[in-house]
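K.L.:
Dumping the structure here so I can ask a few things about it.
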Amino acid sequence: MEQDWVKIYTSHDFFKSEMVRHVLTDENMDAILLNKQGFPYRIGEVEVYIHKDYFQQALEIIIKNQL
């Protein structure tokens with residue numbers, strides 16, 4: 001992954017991570033979902049990454065929306 005991306009959110013729930021990514025992209029921020037869950041049991045984490053320039057703004061949005 002490129003140097004300018006930082007992890008903003010981690011969850012074991014794929015859909016919750018996708019919801020966070022979707023909220024951030026609705027705010028015109030590029031967000032990337034990295035699924036580290038193994039198959040077939042979906043054990044592991046799903047991470048959301050954001051460009052470091054938007055980190056503070058993204059964190060405020062996540063807190064405001066109680067995600």
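Throughout, read-outs are computed from the coordinates displayed, never taken from laboratory work. Only a predicted model underlies this, so the values are computations on that prediction, with no experimental measurement involved. Here Cβ is always computed from backbone atoms with ideal geometry, including for glycine, and neighbour counts include all displayed protein chains.
K.L.:
Summing +1 for each Lys or Arg and -1 for each Asp or Glu, what net charge is found among the other residues whose Cβ lies under 10 Å from the Cβ of residue 36?
P.N.:
-2
K.L.:
If each DSSP helix of 4+ residues adds -39,500 (n - 2.57) and the sum is divided by the residues in the chain, what number results at 222 nm, nearest 500 deg cm²/dmol?
P.N.:
Estimated from H runs of four or more residues: -10500 deg cm²/dmol.
K.L.:
Continuing with this model, one more query. Considering the alpha-carbon set of the range 5-60 alone, what are its Rg and its Dmax in angstrom?
P.N.:
When restricted to the Cα atoms of the range 5-60, Rg and Dmax are 11.3, 36 Å.
K.L.:
Just to confirm the number: angle between the C-alpha axis of helix 14-26 and the first principal axis of the chain, 0 to 90 degrees, nearest 10?
P.N.:
Orientation of helix 14-26: about 20 degrees from the principal axis.
K.L.:
Using the basic label-point model (7 angstrom from Cα toward the beta carbon), what is the residue 66 to residue 18 distance in nanometres?
P.N.:
2.3
K.L.:
Just to confirm the number: angle between the C-alpha axis of helix 55-64 and the first principal axis of the chain, 0 to 90 degrees, nearest 10?
P.N.:
Orientation of helix 55-64: about 70 degrees from the principal axis.
K.L.:
Given an 8 Å cut-off on Cα distances and at least 6 residues of separation, report the relative contact order of the chain as a percent.
P.N.:
Normalised by residue count, the contact order of the chain is 40 percent.
K.L.:
Checking the cross-link filter: which aspartates and glutamates have an alpha carbon closer than 13 Å to that of residue 36, excluding same-chain neighbours under 8 positions apart?
P.N.:
In chain and number order, the partners are 13, 45, 47.
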